[in-house]
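**Q** Pasting a structure below so you can have a look.
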Amino acid sequence: MHSIVKFWGYVAIIVVCLVHFSCCAPESEKESEDVYPAGSVNIEFTKTDGGVALLEREIDQFEGSDIPVGSVVGIIADDSCIYITDRKQGQVYVLDRETYAFKRAIGTTDQGPFHIYEPYGTQFYSGNLFIGNNNGNRVFKTFTTAGDFLQDYELSNADINGGVATHLHSFFISDSIAHVAKFTADNGFRVKRYRLGDHGVSVLPDAVPTNDMHAEMELERARTVIPRVFLLKSQKQNTAFFAVPSNKYLVNRYAVNNGQLLESVSLLDIPVLRSYYENTPFNNFFSGIAIGRDDKLYFPAQEIIDVPAFKAGDTSEENIKTYIAAVDIDSRQYALYQLEKGRAIAPICFIGDKLWCYDFLLSRLLVYRLETS
């Protein structure tokens, strides 16, 4: 049971050089505190009707195959199929969208053009599959949706600037620009940007500086270090994307074309998020966020009923409620959907009205329906 509480992540300490970030905040919104950037603002969110998260399907092995669910780093879907990227196996598994039955695998672990090394996500682009390839200067591979190899996209050695991150939400494409999360902020930035052409890629300036997400560094506090940065393409505006550090309830909105920071919002005025953040300084990492068609963001969340008992070691389900928190940055509203039982979930994406999540402790895919009470 103790492992359930250590939900969405691990403690991975990455030491980076940080500078203080500041900008003007609206008078009606106060600057956030703790280790958040001075320029971010705490928003007074209004709680709306929530409900329950009903588990409709749990997948540990793909139906019609002997392939188990592995290390999932991305899920996308078209009208007929679901494409699941497995980092460890180096393949993209294709399921029927309606039945979830296994159809085929794209890529191979054997050397050759079909080989994909530690893929960090898959996106649709120009009618094909663009797969992140963590193999030196071969940054992307393209396949047809039927699984036919098309080409490698390579960089010159001079353009390689550090390793890429191989976790959920580390890669998206918008307006011919690919954004890829970096493993470390080797030059003070956490996101690589590439302009995609018909036969190659050109390097654009990096985006998302670390000082957009940090206050001044205090080494003794785990919350000042950011293990992962999740990248989410806006579903309402092709011109914007979100970057969310994996151990802070902080949402930064950026412009796609030039990487300009548009908004930095702290979610710590949402009580369930504030409580868990304050009372679990070393375990408050989350491993995924989903984005809906209306740009609502879906976080894993926990409510500790008896904080002193929790700090004394009571990690029972009676003392901890588990939720999916749906947060609307634009309307300043949020809702909570309670899980039937505690799970180590990482929200990934919506396919239709179903929220697909990954249980990273058990390596299972979970399909939820969010039902408002």
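**Q** So which residues in the range 236-262 are surrounded by fewer than 20 Cβ atoms within 10 Å (Cβ to Cβ) and not hydrophobic (A, V, I, L, M, F, W, C), if there are any at all?
**A** Answer for the range 236-262, where residues must be surrounded by fewer than 20 Cβ atoms within 10 Å (Cβ to Cβ) and not hydrophobic (A, V, I, L, M, F, W, C): K236, Q237, N238, T239, N257, N258, Q260.
**Q** Check D79 against each of (1) part of a loop (DSSP other than H, G, I, E, B); (2) at pLDDT 95 or above; (3) surrounded by 12 or more Cβ atoms within 10 Å (Cβ to Cβ); (4) among the charged types (D, E, K, R) and name the one condition it does not meet.
**A** Condition not satisfied by D79: (3).
**Q** Return yes or no: is I67 over 30 Å from Y277 (Cα atoms), crowded, with 20+ Cβ neighbours inside 10 Å and either touching a strand residue (DSSP E or B) at 6+ places or on another chain (Cβ under 7 Å) or at pLDDT below 50 (or both)?
**A** In short, no.
**Q** Scan the range 257-295 residue by residue and report those that are of a type in the set (V, I, T), over 18 Å from the mean Cα position of the chain (by Cα) and at pLDDT 90 or above.
**A** I270, V272 - these are the residues of the range 257-295 that are of a type in the set (V, I, T), over 18 Å from the mean Cα position of the chain (by Cα) and at pLDDT 90 or above.
**Q** Of the residues in the range 85-133, how many are closer than 22 Å to K182 by Cβ and not in a strand (DSSP E or B)?
**A** 9
**Q** Here is a further query. Is it the case, given these coordinates, that E44 is surrounded by fewer than 14 Cβ atoms within 10 Å (Cβ to Cβ) and either at pLDDT 95 or above or part of a strand (DSSP E or B) (or both)?
**A** no
**Q** With more than 30 Å from N247 (Cα to Cα), in contact (Cβ under 8 Å) with a residue 12 or more places away in the chain and out of contact with any Cys (no Cβ under 7 Å at 6 or more places or on another chain) as the only criterion, which of T48, T108, T85, T122 stands out?
**A** The match here is T108.
**Q** From Y323, Y298, Y249, Y254, which residue is in contact (Cβ under 8 Å) with a residue 12 or more places away in the chain, within 19 Å of the chain's Cα centre (by Cα) and farther than 27 Å from L54 by Cβ?
**A** Every option except Y254 fails the conditions.
**Q** Right, another one. Please indicate, with yes or no, whether at least one residue in the range 294-313 is crowded, with 22+ Cβ neighbours inside 10 Å and charged (D, E, K, R).
**A** Scanning the range 294-313 turns up no residue that is crowded, with 22+ Cβ neighbours inside 10 Å and charged (D, E, K, R).
Per-residue answers, yes or no, for (1) in a strand (DSSP E or B); (2) among the polar types (S, T, N, Q); (3) farther than 15 Å from V72 by Cβ; (4) under 19 Å from the mean Cα position of the chain (by Cα):
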site	(1), (2), (3), (4)
D330	no, no, yes, no
Q338	yes, yes, yes, no
F350	yes, no, yes, yes
L366	yes, no, no, yes
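**Q** Filter the range 142-173 down to residues that are small (G, A, S) and either modelled with pLDDT of 85 or more or at positive phi (or both), then give me how many there are.
**A** Of the residues in the range 142-173, the ones small (G, A, S) are 146-147, 156, 158, 162-163, 165, 170.
Applying the additional criterion that residues be either modelled with pLDDT of 85 or more or at positive phi (or both) yields 146-147, 162, 165, 170.
Number satisfying all stated conditions: 5.
**Q** Looking for whichever is in contact (Cβ under 8 Å) with a residue 40 or more places away in the chain, within 26 Å of F143 (Cβ to Cβ) and surrounded by 13 or more Cβ atoms within 10 Å (Cβ to Cβ) here; the options are F114, F62. Which one fits?
**A** F62
The values are calculated or read from the model by the stated rules, or taken from the named source; none is laboratory data. Quick caveat, the model's predicted, so the values are computed rather than measured. No Cβ is skipped: glycine too gets one built from the backbone with ideal geometry, and neighbour counts run over all protein chains shown.
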